[in-house]
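**Q** Below: one structure in structure tokens.
Just so you know, all these numbers are worked out from the coordinates, no wet-lab data involved. Please read all numbers here as calculations on a predicted model, not as lab measurements. Cβ placement follows ideal geometry from the backbone for every residue including glycine, while neighbour counts extend to all protein chains displayed.
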Amino acid sequence: MDIVFNWSGGKDSALALYKLREEKKHNIQYLLTTLNAEFKRISMHGVRLELLQKQVKSIGIPLIECYLPEKANCGDYNKMMHETLIKLMVEGIHYSAFGDIFLEDLKLYRENQLEKIGMRAIFPLWKRDTKEVANEFIGLGFKSIITCDNSAYLDKSFVGRTFDHQFLKDLPINVDPCGENGEFHSFVIDGPIFDAPIKCTLGDIVYKSYSINEKEQSENGFWFIDLI
């Protein structure tokens, strides 16, 4: 069956894509990535468009770039995805795949949004133990760099690190091994889905805060490292 894969550039996406390819019953027509229109970077991961394009070229699957404004809301996202997926359905694509693992509300949200236009969701990693997922990712030879972390869980020393066994050992006990609760995000630079490694160097580390509740003026902060 023909599918579009929602690609973040990170480790869970990479392993989910690997699993789909191994099953050999899915025809992955496109990778779809949401980017910040102002800065041309992957949403939340903060990775430059140029690196994303090198990544998908090495994977060998065409990329669909979807752009959202800096302060996009849920409505903006839903409208953009609706318009994009309707066009894909015209091409005969009726399935959309994700790298989500255990967030029930997110899974339900994705399924409901897709159902509105007659598409179905696929979750190759769903309900897997996240420690097992992390170890499998490393064991398969994937290499990923931590590009962003939530300051409520981790300090800036974790960004720029390789996602490996030592990284997992150093995580606080309240942090999921795969960062499934949004504790951290990554960018995959090597592994069995790539024709060649993605070359990049570590740049500056910056801190950014985002408003959670405008009425209460509460904020959520993230550390980002620039990959060049």
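**Q** Under a Cβ-Cβ cut-off of 14 Å, what is the net charge of the residues other than TYR95 that fall near it, where Lys and Arg count +1 and Asp and Glu count -1? Could you put the intermediate results ahead of the total?
**A** Working: positive: LYS25, ARG110, ARG120; negative: ASP2, GLU23, GLU91, GLU111, GLU115.
Result for the local shell: -2.
**Q** Count the net charge of all other residues whose Cβ sits under 15 Å from the Cβ of ASP76, scoring Lys and Arg as +1 and Asp and Glu as -1. Could the numbers behind the result be given before it?
**A** On the way: positive: LYS71, LYS79; negative: GLU38, GLU70, GLU83.
Neighbourhood net charge equals -1.
**Q** Place a point 7 Å from Cα of TYR210 in the direction of its Cβ. Which residues in region 1-25 have their backbone N less than 19 Å from it?
**A** Correct set: 6-13.
**Q** Label-point separation (nm) for LYS40 and HIS165, each offset 7 Å from Cα along Cα-to-Cβ?
**A** 4.1
**Q** Still on this structure, I have one more. Restricting to region 16-168, what percent of DSSP beta bridges are antiparallel, rounded to 5? List each step's numbers first, then the result.
**A** Details: 4 of 13 bridges.
Around 30 percent antiparallel, to the nearest 5.
**Q** Please find, in a Gaussian network model of the chain (springs between Cα atoms separated by less than 10 Å), the residue of CYS178, CYS200, CYS74 whose mean-square fluctuation is greatest.
**A** CYS74
**Q** Using alpha carbon centroids, what distance separates region 3-54 and region 128-185, in Å?
**A** With region 3-54 and region 128-185 each reduced to a Cα centre, they are spaced 18 Å.
**Q** How much mean residue ellipticity at 222 nm does the chain get from its helices, if each DSSP H run of length 4 or more adds -39500 (n - 2.57) and you divide by all residues, to the nearest 500 deg cm²/dmol? Don't jump to the answer; show the numbers that get you there.
**A** Working: 6 runs with 69 residues, N = 228.
The helix-only estimate for the chain comes to -9500 deg cm²/dmol at 222 nm.
**Q** A further question follows. So how much slack lies between TYR77 and ASP190, counting 0.36 nm per residue of separation and subtracting their Cα-Cα distance, in nm? Intermediate values should be presented prior to the final figure.
**A** Working: separation 113, 0.36 × 113 = 40.68 nm, distance 2.96 nm.
Fully extending the segment from TYR77 to ASP190 adds 37.7 nm.
**Q** Just tell me which aspartates and glutamates come within less than 15 Å, Cα to Cα, of LYS57; anything on the same chain fewer than 8 places away is out.
**A** GLU65, ASP190, ASP195
**Q** Right, here's the next one. Given an 8 Å cut-off on Cα distances and at least 6 residues of separation, report the relative contact order of region 76-173 as a percent.
**A** On the way: 77 pairs, mean separation 20.2, N = 98.
Relative contact order, region 76-173: 21 percent.
**Q** Are there GluC sites (Glu not before Pro) in region 62-102 that DSSP marks as loop and that have at most 15 other Cβ atoms within 10 Å, and which are they?
**A** Details: sites: GLU65, GLU70, GLU83, GLU91; in loops: GLU70, GLU91.
When the GluC sites (Glu not before Pro) of region 62-102 are filtered for loop state and at most 15 Cβ neighbours within 10 Å, GLU70, GLU91 remain.
**Q** Students often get this wrong, so check it: of LYS116/LYS143; LYS54/LYS208; LYS19/LYS169; LYS107/LYS208; LYS25/LYS127, which have C-alpha atoms separated by over 31 Å? Walk me through the intermediate numbers first.
**A** Numbers: LYS116/LYS143 37 Å; LYS54/LYS208 26 Å; LYS19/LYS169 25 Å; LYS107/LYS208 27 Å; LYS25/LYS127 21 Å.
From LYS116/LYS143; LYS54/LYS208; LYS19/LYS169; LYS107/LYS208; LYS25/LYS127, over 31 Å: LYS116/LYS143.
**Q** For region 148-164, what does the Karplus curve 6.51 cos²θ - 1.76 cosθ + 1.60, with θ = phi - 60°, yield as ³J(HN,Hα) per residue in whole Hz, taken in order and with x for Gly and Pro?
**A** These are the phi-based 3J(HN,Hα) values: 7, 9, 7, 5, 6, 10, 9, 8, 6, 5, 7, 6, x, 7, 7, 6, 9 Hz.
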